[in-house]
1. With +1 on each Lys and Arg Cβ and -1 on each Asp and Glu Cβ, how big is the dipole of the chain about its Cα centre, in debye rounded to the nearest 20?
2. Suppose a student asked you for the relative contact order of the chain, using Cα pairs under 8 Å spaced at least 6 residues apart; what percent would you report?
3. Can you tell which of V15, V37, V29 shows the greatest fluctuation in a Gaussian network model of the chain with Cα springs below 10 Å?
Amino acid sequence: MKKIDVRGLNCPEPVFLTKKAIDEGNSEVEILCDAVVARENISRLAGKTGYSFDYTTNADGDFVISLKRN
């Protein structure tokens, strides 16, 4: 599983880093994110690339996003 920390990064960088992980052939990607906009954009990317999307919120209020290839 590829893990990416995109906290503090402005869009579109979180999406670019997620796309890079997908293009590398990772079947599972976990992204640590702190922005709702980035979470929504990553969700759209997942749908366009055939990955399922799920997220939880951790104790710090950050989003832990899980992508899995369908």
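Taken together, the values in this text are just the output of simple stated rules run on the coordinates, not laboratory data. Source: prediction; values computed, not measured. Please note: Cβ atoms are built from the backbone with ideal geometry, for glycine as well, and neighbour counts cover all protein chains shown.
1. Numbers: 10 positive and 11 negative charges, 60 e Å.
So the dipole magnitude of the chain works out to roughly 280 debye.
2. Values: 117 pairs, mean separation 23.2, N = 70.
The value is 33 percent.
3. V37
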